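Presented below is the structure to which this report refers.
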Amino acid sequence: MDHTNYKVEPMISAKSIAARCEELAKEISLYFKDTDKLIVVGLLRGSFVFIADLARELNLPCEVDFLETSSYGNGLESSREVRILKDLRGEIEGRDVLVIEDIVDTGHTLHHVKSLLESRKPARLKVCALLDKPARREVEINADWIGFEIPDEFVVGYGIDYAQRNRNLAHIGKVVFD
C-alpha cells in the first residue's frame, strides 16, 4: 500500500483544542496548587505543541523538561518496543511531576515512561494526554487528565505526525488514504 497519497479530514478544531487546554490547565493547577514547582515532562515529539500551550495556561510555578521516546518510526503501527532517545536533564526525586503525552494508544509507551519515572521516586506523578484511544489499549494504563477521547483513527496535526509530516496543522485531523 502506498502511504504517500492521503488526505487529512478535520476532526478537532484549533478552537476546541485551545478551550480544552484552558480547562485542563485549571484542573491541573488546582490539583497541584500546593507545589513549590511543578516539573512538566513533555514526551517528544508529538506533544510539543500541546506542552507549550498547556504550560502557558498553568497557574503555578513550573519547569519544563523532556523525554523523547520511540515506538512508531515511520509506520502506522506501534512496534510495542519503547526506546528512550532523550532522557530528562533534571532530577525528579521528591518533586511533583506532570507527564504530557500526545496520544494514549496501546499504552506501552506511557506504561514504560511511568515505570521509569516512578523508579526515580517523585512526590507525585500524574499524566495529561491530549488524546485517548481506549479501543486500542493493550496495557492497563490511563491518563489522569484527557483532552479528547477519540475513536481508533490515525490522526495528525497539532504536533502529531505521520512520517514526520503534518505536525504544523493547527487542528487534529484524521488521515484518510486514497
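The table for this structure:
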item: All-pairs alpha carbon distance profile, the chain, 10 Å steps from 0, percent; result: 10, 40, 36, 12, 2, 0
item: Given charges at beta-carbon only (K, R positive; D, E negative), |dipole| of the chain in Debye; result: 260 debye
item: Folded to 0 to 90 degrees: helix 48-57 orientation relative to the chain principal axis, Cα; result: 40 degrees
item: Leading residue at positive end of dipole, the stretch 84-177 (Cβ point charges), from 125, 146, 177; result: 125
item: Additional length obtainable on full extension of the chain from residue 7 to residue 68, 0.36 nm per residue less Cα span; result: 19.2 nm
item: Cut-off 20 Å, label 7 Å out along Cα→Cβ of residue 164, residues of the stretch 38-64 by amide N; result: 43-49
item: Rounded to 10°, Cα long-axis angle of helix 108-118 versus longest principal axis of the chain; result: 10 degrees
item: Lysine pairs meeting the criterion (Cα under 27 Å, 8 or more apart or interchain), as found in the chain; result: 27
item: Kirkwood hydrodynamic radius over Cα pairs of the stretch 97-158, then Stokes diffusion coefficient at 10 °C and 1.306 mPa s, in µm²/s; result: 132 µm²/s
item: Residues in the stretch 79-107 that a label on residue 124 would reach, taking backbone N under 19 Å of a point 7 Å out along Cα→Cβ; result: 92-101
item: Sequence-separation-based contact order of the stretch 14-151, relative, with Cα cut under 8 Å and 6+ spacing, percent; result: 22 percent
item: Helix 14-31 axis, angle to the chain major axis (alpha carbon atoms, nearest 10°); result: 20 degrees
item: Positive-end extreme of charge dipole, the stretch 14-151 - chosen from 84, 134, 54 (charges on Cβ); result: 84
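Each value in this text was obtained by applying a stated rule to the coordinates, not by laboratory testing. This one's a predicted model, so the numbers in the text were calculated from it and none came from an experiment. No Cβ is skipped: glycine too gets one built from the backbone with ideal geometry, and neighbour counts run over all protein chains shown.
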